[in-house]
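Notes follow the structure.
What follows draws every value from the coordinates through simple rules; no lab data is involved. Computed from a predicted structure; not experimentally measured. Cβ coordinates were reconstructed from backbone atoms using ideal geometry, including for glycine residues, and neighbour counts include every protein chain displayed.
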Amino acid sequence: MKLKRITANVYEIPLGTVNAFLIEDEELTLIDTGTPGSAVKILHAIRSIGRDPGDLRHILLTHSHPDHAGGAAELKAQTNAKIYMHEAEADHVRNGFVPKPDVPVFTGFINKMMYNLFIKNASGDIAAATVDELIDDGDWLHIAGGIHTIHVPGHSAGQLAFFLPGQKNVLFAADTAANIMGLGYAIFYEDFQLAKHSLEKLATFDFDIACFGHGGTIRHSAAARFRNKFMKHAQKISRQTQYIVLDEESVIRIKEPEERI
């Protein structure tokens, strides 16, 4: 496993077929925890940047699927970090079991084949963990210099993306999309109509970099690539010192409390 530096304080932790992300500040924040058994790799990554595992204080779960929440319980036990996630999937983590969708939706043959090979018969069991804080769309988290929470259902009911403003704005897109063989749809969705709405919602944010649960990070012009791929009608978004969310009615400017690098 080779830690990848994305910005001055954001790192990608490759965990086989899935990625976790570490944000370095006075305290450490982790986005997703990989499959069960990934804690040792994540703790090694923390030590590799000269930090102590005890510095990990916050674990943000994008959703409850075992490849994203599987290491949460072990990491919490070893670091006492707080776990944050959306209410819609919190009981899956509390109970230690994540059900699969009754009728998964695929956008192509390759995605269906990958689902059948790697996900369909995989266990939904994870170690149960306490969820310390429920978060929802529009919440501003006063951690890692300030993180904006975006509810993006479709892949799963409680999926969250996270927007980290800074000198380079970073979007953690979770499994709304993937960047495995180029930017495209996730392997499967529970509700594709909701998923398309969520992707259009993300495409209205002004971000330079996009990080994914599966596939490589887009390091340049990421928002433009999202808009070109997922927006029905391209909209031009001018760069601001504050980041922008657009809808059909208005422009909403959200100012972060502190500029981060």
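Extension gain Ile119-Glu27, at 0.36 nm per residue separation less the Cα-Cα distance, in nm?
Gain on stretching Ile119 to Glu27: 29.7 nm.
With a Cα-only, solvent-free Debye model of the chain, what are the log10 I(q)/I(0) values at q = 0.07, 0.09, 0.17 Å⁻¹?
-0.21, -0.36, -1.40
Which value at 222 nm does the chain reach when only helices count, each DSSP H run of 4 or more adding -39,500 (n - 2.57), with the total divided by all residues and rounded to the nearest 500 deg cm²/dmol?
Computed mean residue ellipticity for the chain: -6500 deg cm²/dmol.
Could you put Glu89, Glu200 in order, starting from the residue whose Cβ has the fewest other Cβ atoms within 10 Å?
Taking fewest neighbouring Cβ atoms as first place, the list is Glu200, Glu89.
Percent relative contact order of segment 4-254, based on C-alpha pairs within less than 8 angstrom and at least six residues apart?
14
Farthest toward the dipole's positive end in segment 1-76, which of Leu3, Ala69, Ile31, given Cβ charges of +1 (Lys, Arg) and -1 (Asp, Glu) about the Cα centre?
Checked the options; the winner is Leu3.
For a quick check, take a GNM of the chain with Cα springs below 10 Å and name the residue from Leu75, Leu202, Leu134 with the largest mean-square fluctuation.
Residue with maximal mean-square fluctuation among Leu75, Leu202, Leu134: Leu134.
Give me Ile31, Ile110, Ile209 sorted ascending by neighbouring Cβ count inside 10 Å, so fewest comes first. Before the final figure, lay out each step's value.
Details: Ile31 29, Ile110 13, Ile209 21.
By the 10 Å Cβ count, ascending, the order reads Ile110, Ile209, Ile31.
Can you work out the Karplus-derived ³J(HN,Hα) for every residue in segment 210-219? Use 6.51 cos²θ - 1.76 cosθ + 1.60 with θ = phi - 60°, whole Hz, and x for glycine or proline.
Per-residue couplings from phi come out as 10, 10, 10, x, 9, x, x, 6, 8, 9 Hz.
Can you run phi through the Karplus equation (6.51, -1.76, 1.60; θ = phi - 60°) for segment 97-107 and list ³J(HN,Hα) in whole Hz, with x for Gly and Pro?
With coefficients 6.51, -1.76 and 1.60, one gets 8, 10, x, 8, x, 4, 10, x, 10, 10, 9 Hz.
Quick one: order Lys76, Lys2 by neighbouring beta-carbon count within 10 Å, fewest to most.
Working: Lys76 21, Lys2 8.
In increasing order of surrounding Cβ atoms, one gets Lys2, Lys76.
If each of Asp102 and Thr130 carries a label point 7 Å out from its Cα toward its Cβ, how far apart are those two points in nm?
Between Asp102 and Thr130, the simple spin-label model gives 3.5 nm.
For the chain, what is the charge dipole size about the Cα centre, in debye to the nearest 20, if Lys and Arg each add +1 at the Cβ and Asp and Glu each add -1 at the Cβ?
Here the size comes out at about 1100 debye.
Please list, in chain and number order, the residues 5+ apart from Leu15 or on another chain whose amide H is under 5 Å from its amide H, with Hs placed from the backbone.
Placed amide hydrogens put Ala20 under 5 Å from Leu15.
Mind checking the log10 I(q)/I(0) for segment 74-200 at q = 0.23 Å⁻¹? Debye, one equal scatterer per Cα, no solvent, two decimals.
For segment 74-200, the Cα-only Debye profile gives -1.42.
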